[in-house]
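For reference, the structure is listed below as structure tokens.
The values are calculated or read from the model by the stated rules, or taken from the named source; none is laboratory data. It should be emphasised that the depicted structure is a prediction, and the values quoted were computed from it without experimental measurement. In this analysis, Cβ positions are derived from the backbone assuming ideal geometry, glycine residues included, and neighbour counts consider all displayed protein chains.
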Amino acid sequence: MLPVPPEQTSQAGRDPEAPPAHDEATASPRCRKEIAGDPRKPRGPPSLWPVEPRVVRIRDARVLLGNASADKIYEWIAAGRLESFMLGRARYVTVTSIDALIAAELAIASTTMDDARAARARAAKRTKSTPAAITKTKVVTASE
């Protein structure tokens, strides 16, 4: 394929890394919304949102909690571990309660890991301090 001179392209003088330019007249309805600034919540995972949300829908809470099942989310709501409310027919979960749940689960995991480490250390200490005579005892049966 032969290279096209820049004067024959519609993007002459543009940065090749820049997104394509749209004007109101030639843009599709979706692009017009993007140009004007669509006031609706952006689509996609929460990590791509331009602002930090204060509440999220159940499907977004699942993503924030590592793709937990919807049943697990509703179980945590029923147990009071997640705060939620209904707005119309939609249920919303507060992001602060999601953060609190994550912190509580990390604290439990940390305590469990600390207990496991301490138990391993105690077991290792016991095996090191046990005399060889105690470990090599002869089992005496009634027939002997």
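Here are a few things to note about the model shown:
- The residues in the stretch 67-83 that are under 15 Å from ALA104 (Cα atoms) and either in a loop (DSSP other than H, G, I, E, B) or of a type outside the set (A, V, I, L, M) (or both) can be counted, and the count is 5.
- Scope the stretch 84-102; condition surrounded by fewer than 18 Cβ atoms within 10 Å (Cβ to Cβ) and part of a helix (DSSP H, G or I); matching residues: THR96, ASP99, ALA100, ILE102
- Matching option when the condition is modelled with pLDDT of 95 or more and either β-branched (Val, Ile, Thr) or farther than 13 Å from SER97 by Cα (or both), among GLU52, GLU75, GLU24: GLU75
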